[in-house]
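These notes concern the structure reproduced below.
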Amino acid sequence: MVTRLVFLSIAVGIGAMFMWAYHHDAQLENRVSLVTIGDPNEAVRDLLGEPTSEGSCGRVSPSPSACTDEYLYRYYFNLFQPQYEVLWFNAKGKVIGEQHVRRPF
């Protein structure tokens, strides 16, 4: 009986993780289309949440020349081919570009 409960709780936990990842990715995909060039980084954080990674430009793909900061938002549902939304910011903290990136294996 204990073995069944442990197995069931593990299965429910894994299912919940997949449901969360799918929901997160669907929200990210819908909300990233609302980001426009010139939006301040505070508005991007309000809309998309905290970035998965934040740092210097050009870590995942070539960036615009005026880029001073880069936000990466990861899609979690696709485990085998990582996908990201990349947003670039200028020195004034305004969006200067956005790109959807799929990494090869």
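No value in this document is a laboratory result; all are computed from the given coordinates. This is a predicted model, so every value here is computed, not measured. Reconstructed Cβ throughout: ideal geometry from the backbone, glycine too, with neighbour counts over all protein chains shown.
What the table shows:
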item: Residue match in the range 11-32 (condition: within 16 Å of Lys92 (Cα to Cα), in contact with a strand residue (DSSP E or B) (Cβ under 9 Å, 6 or more places away or on another chain) and in contact (Cβ under 8 Å) with a residue 60 or more places away in the chain); result: no
item: The listed residue being exposed (fewer than 10 other Cβ atoms within 10 Å of the Cβ), aliphatic (A, V, I, L, M) and assigned to a helix (DSSP H, G or I), out of Leu5, Leu47; result: Leu5
item: Pair list, Cβ under 9 Å, 6 or more apart: the range 66-95 residue without any contact (Cβ under 8 Å) to a residue 60 or more places away in the chain and surrounded by 15 or more Cβ atoms within 10 Å (Cβ to Cβ), other residue of a type in the set (Lys, Arg) and assigned to a strand (DSSP E or B); result: Pro82/Arg74; Pro82/Arg102; Gln83/Arg74; Gln83/Arg102; Tyr84/Arg74; Tyr84/Arg102; Glu85/Arg74
